[in-house]
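Some notes on the structure that comes next.
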Amino acid sequence: MRILGIDPGLARVGYGVIDTSGGEQTMLDCGIIRTDPGRTEGERMVEIARDLRQLIRVWRPELAAVEKFFFYRSSNTIAVVQARGVVIMTLSRFGLPVVEFPPMQIKQALTGHGHADKDEVLEAVMRELALDSPPRPDDAADALAVALTGWFQR
């Protein structure tokens, strides 16, 4: 199964693509969709949708896993939630099944406890995907963690 993991944001959307065939999980791609801060929010949402459509066309995932938000205490919370909505809409337009996981569930799935720190999650991602070096940037590594959770929780 090919899974696309997404770590939503407005400035940067992390993505990670894994393949789970042969009893192993393999990273195929990871990175970020970066939006231009000089553009309006609406234009940035269009950038996210456009770049995400391209990723879907290239990798043809069978499942999408997206990090779920309950609340944030920052000034950009609404914009991040709106960007997440654009992600969900774009995935749905391609007919992709979408699963969503809150951060605590992702940490639990990868490390065995829901209060793991970022380094513990990164180590688990590297172990599960047999990576010699950490995926960069952090948003991409987080998206790979989401994709792995999608596989483990199927």
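Numerical summary
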item	result
Loop-exposed GluC sites (Glu not before Pro) per DSSP, neighbour cap 16 Cβ within 10 angstrom, longest uninterrupted part of the chain	63-154
Computed E for ARG60/HIS115 - FRET, C-beta separation, R0 25 angstrom, nearest 0.05	0.10
Placed amide H near ASP29: partners under 5 Å, 5+ positions off or other chain	VAL17
Given 16 as the ceiling on other Cβ atoms within 10 Å, longest exposed-site-free region of the chain for chymotrypsin sites (Phe, Trp or Tyr not before Pro) in DSSP loops	1-68
Scattering profile of the chain at q = 0.17 Å⁻¹ [log10 I(q)/I(0), Debye over alpha-carbon scatterers]	-0.92
Low-density loop cleavage sites - trypsin sites (Lys or Arg not before Pro) in the stretch 69-138, where at most 14 other Cβ are within 10 Å (DSSP)	ARG73
Reference-scaled alpha-carbon Rg (2.2 N^0.38 Å with N residues) for the stretch 87-154	1.14
Cα centroid of the stretch 85-105 to Cα centroid of the stretch 107-131, whole Å	21 Å
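Values in this text are rule-based calculations from the coordinates and carry no lab data. Computed from a prediction, not measured in an experiment: that's the story for all the values here. Cβ sites come from the backbone with ideal geometry, for glycine too, and all protein chains shown count toward neighbours.
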